[in-house]
1. How far apart, in nm, are two points set 7 Å out from the Cα along the Cα-to-Cβ line at residue 127 and at residue 158?
2. Normalized C-alpha radius of gyration of the chain, against 2.2 N^0.38 Å?
3. Ignoring ligands and nucleic acids, what accessible area does residue 386 show with a 1.4 Å probe (Å², nearest 10)?
4. Modelling each spin label as a point 7 Å along the Cα-to-Cβ direction, I'd like the residue 172/residue 363 distance in nm, to one decimal.
5. Given R₀ = 22 Å, FRET efficiency for residue 550-residue 478 by Cβ-Cβ distance, to 0.05?
6. Mind checking which lysines have their C-alpha under 20 Å from residue 475, skipping anything on the same chain fewer than 8 residues away?
7. Just to compare against my own numbers: the Cα pair-distance distribution for the range 93-228, 5 Å bins, whole % per bin, please.
8. Report residue 229's accessible area, 1.4 Å probe, all protein chains in place, as a number in Å² to the nearest 10.
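The values are calculated or read from the model by the stated rules, or taken from the named source; none is laboratory data. Worth saying up front: this structure is predicted, and the values here are computed from it rather than measured. With ideal geometry, Cβ positions are generated from the backbone for all residues, glycine too; neighbour counts draw on all protein chains shown. To get the accessible areas, we keep the full protein, side chains included, count just its heavy atoms, and leave off ligands, DNA and RNA. Shrake-Rupley method; radii C 1.70, N 1.55, O 1.52, S 1.80 Å.
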Amino acid sequence: MIPHEYIEEVVRRNDITDVVASYVQLRHRGRTHTGLCPFHSEKTPSFVVYPETQSFYCFGCGAGGDVITFIKKINNLDYVEAVKYLAGRAGMAMPEENDKVGRLRSRILSINKEAARFFFEQLNAGNDEARAARAYWRGRGLSDSTIRRFGLGYAPNDFRAMRMHLRAKGYTEEEMLASGIVKRSEKGNVYDAFRGRVMTPIFDLRGNVIAFGGRVLGDEKPKYINSPETLVYKKSKAMFALNIAKKSTSRRYILCEGYMDVISMHQAGFDTAVAACGTALTAEQVRLLAEYADEVVLCYDSDEAGQKATARSLGLFADSPVKVSVLNIPNAKDPDEFIKKFGRDAFERLLNGTSNAIEYKIKKVRDKYDITRAADRVEYIKEVIRILADKVSPTERDIYAGRLAEETDVAKSAILTQLDSAIRSNRRRQERQKQKDLLNEGLGADIKLPYNTMNGERALGVASAEQQLVAAMVKNPDFIPVVEKRLRPQQFLMPDMGEAYGAILSCKAQGITPDLTALATRLPEDTVNRISHLLARNYDVGIGPRDVEMYLGRIEQSAPKSTEAARMTGDELEDYLTRLRQKKA
């Protein structure tokens, strides 16, 4: 663990306004600064920086926290790496000698680098295994320069070759296991994780080897094996070949399904090809791509799995500022095969003729129906209208409504009437969902509810009091001893607020101020976002002793009497609180 005093000093030396201003264009507004949120697409600023509390909060997407949280999110780093980044910015040396996790992380990166060297050397050895591995890569059409550029290699078919190599280099068994390069069997034996496979290293944005993908030379199962998640590798946040693609002058990225597609494209000169690490694209990877790309071309395989992946990815990009288009690959199962069959120039022409997301979705619907039949034509129009009623600009709606009218021989005015109705219906549904989300997020505290009315409203009032009480203690730690005498974390209706209260008490016990910096190391990201919202909402609101007394009274009135609670077992008390939570919901 990094000492808390060190983290506090890092935060003190990195004013949040200065740090955020290097990423976001901020506007001074009274005691705060506002700007367009870097974590989601928006046209009206909802991102606010609060210099007095050294925090930020976005009222659009709910992201919030301190300066470390900001750097962690915007640069896709883990907590320790974010602290290191800010320490470097402030000219502070890291206290590595006290950071056991940091030392292990460093050792894993060294192991991965050594393993990548070993795999590359094994590929170029003079034995029959190496010759077969080289033949595999060359059979896939890769040149020696491409093999070197991507650090491709080979893991010998041996249960102990890598382990013995790393041991000779001074690495311990515990470090090797932590890296995922070796594994322990159910019987307790340690063995090499990758054997008899061609190897592809995965790099982070700094060029560190963080993981590996291994493929058998034939068709044995499992065909692919990938590194497990480790201290240095989180597959939901990693992008294969982004370390190379980010150096390109082009802002049009090509998102592929597999590593081999990416490597083939780079060899053909398409240097912005990348792939998601893991089985499917994630929201974190979309946000990471948006930092480098203005346009992303989805270039998945033409089989059913690839088409499903395309549809899912379009959904993930829906709220991104990135323009998305879809590549249809004719007469080939994937980009790698197309380039081999038809050449680089043909693939470039294909890229330049990609359809946008709306056209892709409409075509998928069109393929389902025979519009010469009246019933099919009606269903086709309904589905296309649903597409056009969702996140589509007015200009696009007008253009595609005209095309739909011509294609189905239905008056454009009739299409537009249905479209307007669908848009209104969407808005009503979104508004209902927004209100539901607001209640679920505890924002009902802004609504003045009669306390002694329905049980559900009473529970909502209690939940509001819990949130305000947490905000009061974070804003003014002098309230903590008052609350501690009367409430236990287990008495909170809202589990996240109970957890936050527990973290506040933990800070007090250790003599640490329970600010966002301290709480971020003790609580999940969603809970820190919630506390950031509470602080933002109460930024100009003074919470005094009488307010705290009112919140405590509201919570205590909903709890079982102390004598009754004292007779309850832990399970009985939890059952009681669960019933109240259900009333709130």
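1. Spacing of the two 7 Å Cα→Cβ label points: 0.5 nm.
2. 1.14
3. 150
4. 5.7
5. Rounded to the nearest 0.05, the efficiency is 0.85.
6. Residue 475 reaches 485, 508.
7. Here the calculated profile for the range 93-228 is 2, 10, 20, 22, 19, 13, 7, 4, 2, 1, 0.
8. Surface accessible to solvent at residue 229 totals approximately 100 Å².
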